[in-house]
């Protein structure tokens, strides 16, 4: 919707789509310290941000003037291979299948961030407007992290 309504630039073609990527590290650069070949990782929709601007420093990397989106600005998950900075590759435990892990890299991240920003405490009420993938995952998180919280959904 953001692209259709003009809030973000259109894709820079040619680009291979796919923004919820789960795969294994095939090679690393010299400065990589935490990831090893064979390590299972996920790459979310935020492919890159500067890490230094006021937006990055406040946890709003999606507003960074140097923001780049996986599958829109750079080749995404449907490519045979892709590269990504170590800071934007997240370890994925083998307990999760690819299809279980992938949604956490977009809808899950959005839902978790939204939930965290509420400052919700167990026992407080939570209202959700709309009910897409992020809302569904928020409900699952609330059920486990805040068992005494009632959730009201307005869809």
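The numbers here are math on the coordinates, done by the rules we state, and not lab data. What you see is a predicted model, and the numbers here were worked out from it, not measured in a lab. Using ideal geometry, Cβ is built from the backbone for each residue, glycine included, and neighbour counts are taken over all protein chains shown.
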Quick one: if you take sqrt(5λ) for each eigenvalue of the C-alpha gyration tensor of the range 1-96, what semi-axes come out, biggest first, whole angstrom?
-> 24, 17, 12
Let me know the Rg and Dmax you get for the range 49-155 when you use only its Cα atoms, in Å.
-> 16.2, 46
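Tell me the relative contact order for the range 47-111 as a rounded percent, counting alpha carbon contacts under 8 Å between residues six or more apart.
Reported as a whole number, the value is 23 percent.
Normalized C-alpha radius of gyration of the range 106-155, against 2.2 N^0.38 Å? It would help to have the intermediate numbers written out before the result.
Numbers: Rg = 9.8 Å, N = 50, 2.2 N^0.38 = 9.7 Å.
Cα-based Rg divided by the globular estimate yields 1.00.
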Longest principal axis of the chain (C-alpha) makes with the long axis of helix 133-145 (C-alpha) an angle, in degrees to the nearest 10, of 60
For the range 1-54, state what percent of all Cα-Cα pairs lands in each successive 10 Å bin, counting from 0 Å until the bin that includes the largest distance.
-> 17, 36, 32, 14, 0
Using per-residue counts of other Cβ atoms within 10 Å, averaged over each peptide, order 81-89, 27-35 from highest down.
-> 81-89, 27-35
Using packing as a proxy for protection, rank 43-55, 136-148 so that the peptide with the highest average count of other Cβ atoms within 10 Å comes first.
-> 43-55, 136-148
Which value at 222 nm does the chain reach when only helices count, each DSSP H run of 4 or more adding -39,500 (n - 2.57), with the total divided by all residues and rounded to the nearest 500 deg cm²/dmol?
-> -6000 deg cm²/dmol
Quick one: angle between helix 107-118 and the longest Cα principal axis of the chain, in degrees between 0 and 90, rounded to 10, please.
-> 50
Take every Cα pair under 8 Å in the chain that's 6+ residues apart, average their separations, divide by the length, and report that relative contact order as a whole percent.
-> 22
Given a cut-off of under 8 Å on Cα pairs at least six residues apart, what relative contact order in percent is computed for the range 1-81?
-> 37
